[in-house]
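One structure is given below, encoded as structure tokens.
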Amino acid sequence: MEPSSGATVTTVKGYACQRRTPLQHHNTLLTDALLVLAENAEFCENEGRSVAFRRAGSVLKALPQAVRKMEDLQGLPCLGGHSQRVIKEILEDGKSREVEMMLQSKQYQAMKALTSIFGVGVKTAERWFREGLQRHTDVVNSGYKLNHTQQAGVQYYDDLNTPVTKAEADAIGQIVEEAVQAVLPGAEITLTGGFRRDKLTGHDVDFLITHPEEGKEEGLMPKVVSWLEARGLLLYQKTNTNSYLESTDGPARPSHNMDRFERCFSIFRLERPHARPEQHPQATCEEQPQDDDSARERRASQSPGWKAVRVDLVVTPVSQFAFALLGWTGSQLFERDLRRWAGQEKHMSLSSHALYDSKQNRYLRASSEEEIFAHLGLEFIPPAERNA
Ligand code: ATP
Ligand code: MN
Ligand code: MN
């Protein structure tokens with residue numbers, strides 16, 4: 001491409017962990033389109049393609065201004081031919097035909113709806129779609145046997161697909177704090193995930209729990225869960241125990257980036273503030289329709305007075321806290337590139353537990369995120385600028 005006069009040439013680094021990516025940026029029309037392509041690739045189980053589209057979008061999020069013409073893309077990393085074609089179309093016509101068609105397609109819509117059920121991954125959604133299901137209500141009516149997680153997923157579908165607000169996250173934080181203090185005084189909780197990156201809403205609320213005295217945190221999760229369950233605050237929970245110590249497959253590189261902390265994937269029953277008391281129809285009994293099953297179900301699914309909220313709890317020994325904090329703050333692409341940077345550029349292996357230096361054959365300690373960035377030879381990026 002000829003560098004034309006007026007092109008805004010911006011340099012952007014190749015790894016997301018080298019860039020500052022604020023929440024608000026200037027290219028949402030383009031990044032929304034690329035996200036659809038990324039999702040669709042994911043639905044086709046093509047992870048490489050999906051990551052490529054996410055990387056392209058992420059680069060555009062880091063730009064200090066809106067892209068107006070193709071020349072503005074000169075020298076930018078991670079923009080493959082396909083992404084560039086889509087961007088060109090949008091710059092010229094205001095929309096991409098490929099993306100528009102995808103959004104209209106039955107398969108994309110069904111996969112989007114079915115994978116938005118908690119507990120349903122791409123494989124299951126794909127099978128259900130081939131068998132003719134398209135929405136979560138189809139799943140309910142199909143009579144298919146659902147696992148425990150999927151049952152909760154369809155039961156609380158509407159709530160779980162309503163964004164969690166910061167106020168709700170803070171209310172959950174108070175409950176978790178109370179639970180943790182009750183079972184282990186001195187333990188500390190930290191809000192992580194999207195809310196730590198200053199997002200205003202999220203699909204869940206993520207917390208790390210630790211204790212300043214190493215070892216005190218052991219076995220904490222089952223106690224926290226019991227405390228919450230005894231008070232009727234949990235609608236669903238699945239707790240995993242810590243498997244880090246027993247692992248044999250190399251501690252710093254657990255498979256699938258899954259870490260091995262004591263953790264709990266849960267659904268909280270959060271009281272709504274100023275909820276109106278449940279209405280009793282007796283007073284106007286005669287005008288009321290029959291109180292049949294479907295009417296009862298409708299009321300139950302509206303869950304008056306409370307909201308189902310997804311919450312992730314993770315317990316970490318204090319010696320691993322900084323790694324866990326960095327690993328659970330996200331964004332997912334930021335995390336992916338941190339690990340890629342560590343491996344490809346530094347011959348190190350980073351996980352949510354530790355950082356291993358293959359050249360020195362030793363673990364590098366850190367008690368803050370700043371130290372980990374320094375070990376990795378990276379400029380520190382604060383959480384609010386990790387929205388890659
Ligand atoms: P949202 O606002 O939609 O919840 P989020 O960035 O908080 O966005 P999460 O899916 O809650 O997204 O994940 C938060 C962070 O935790 C991400 O960085 C992700 O890499 C990490 N994470 C999520 N699940 C796991 C897991 N099973 N093992 C290790 N890390 C995980
Ligand atoms: Mn989250
Ligand atoms: Mn989460």
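A few points about this structure:
- Per atom type, the range 106-155 shows carbon and sulfur on 47% of its accessible surface, probed at 1.4 Å.
- For Glu42, neighbours were defined as the other residues whose beta-carbon sits under 13 Å from its Cβ, and their charges (Lys and Arg +1, Asp and Glu -1) total 0.
- Relative contact order of the chain, defined on C-alpha pairs under 8 angstrom at six or more residues apart (%): 18 percent
- Kirkwood Rh (inverse of mean 1/r, distinct Cα pairs), the range 16-102, angstrom: 13.0 Å
- For the chain, the membrane-span-like helices by this rule, meaning whole DSSP H stretches whose C-alpha atoms cover at least 15 Å of axis and whose Kyte-Doolittle mean is 0.5 or above, are 28-43, 220-230; this says nothing about an actual membrane.
- Estimated FRET transfer efficiency when R0 is 35 angstrom, pair Lys123-Leu200 (beta carbons, to 0.05): 0.60
- Taking the square roots of five times each eigenvalue of the Cα gyration tensor of the chain, the equivalent ellipsoid has semi-axes of 37, 32, 19 Å, listed largest first.
- Helical content alone sets the calculated 222 nm signal of the chain at -12500 deg cm²/dmol, taking -39,500 (n - 2.57) per DSSP H segment of four or more residues and averaging over every residue.
- Chain lengthening between Ala384 and Thr11 when straightened (0.36 nm per residue, less Cα-Cα): 132.2 nm
- Solvent exposure of the range 93-133 as accessible area per residue, Å², 1.4 Å probe: 57 Å²
- The range 16-102 - percent relative contact order, Cα under 8 Å, separation 6 or more: 33 percent
- Choice from Ser351, Ser368, Ser266 showing the highest fluctuation, given a GNM over the chain with Cα pairs closer than 10 Å: Ser368
- Reach of Lys106 by Cα under 19 Å, taken over lysines that are not fewer than 8 positions away in the same chain: Lys123
- Mean-square fluctuations from a GNM of the chain, with a 10 angstrom spring cutoff on Cα atoms, peak among Arg231, Arg135, Arg49 at Arg231.
- Accessible-area composition of the range 16-102, carbon plus sulfur, in percent [1.4 Å probe]: 49 percent
- Look at the alpha carbon pairs under 8 Å that are at least 6 residues apart: their mean separation over the length of the range 106-155 gives a relative contact order of 42 percent.
- Charge tally in the Cβ shell below 11 Å around Pro317, where Lys, Arg are +1 and Asp, Glu are -1, Pro317 excluded: -4
- One compactness figure for the range 133-248 is 1.27, namely its Cα radius of gyration divided by 2.2 N^0.38 Å.
- Violating pairs (Cα-Cα greater than 24 angstrom) within the set Lys88/Lys112; Lys13/Lys346; Lys199/Lys307; Lys61/Lys238: Lys88/Lys112; Lys61/Lys238
- Taking the Cα centre of the chain as origin and assigning +1 to Lys and Arg Cβ atoms and -1 to Asp and Glu Cβ atoms, the resulting dipole is close to 900 debye.
- Exposed-site-free run, longest, the chain (rule: chymotrypsin sites (Phe, Trp or Tyr not before Pro); DSSP loop; at most 14 other C-beta within 10 Å): 145-379
- A Förster radius of 22 Å combined with the Cβ-Cβ distance from Asp170 to Glu229 puts the calculated FRET efficiency at roughly 0.50.
- Only Lys, Arg (+1) and Asp, Glu (-1) charged, at Cβ; the range 106-155 dipole about Cα centre in debye: 100 debye
The values are calculated or read from the model by the stated rules, or taken from the named source; none is laboratory data. Computed from a predicted model, the values in this text were never measured in an experiment. Cβ sites come from the backbone with ideal geometry, for glycine too, and all protein chains shown count toward neighbours. Side chains are part of the model used for accessible areas, which takes the heavy atoms of the whole protein and leaves out ligands, DNA and RNA. Shrake-Rupley method; radii C 1.70, N 1.55, O 1.52, S 1.80 Å.
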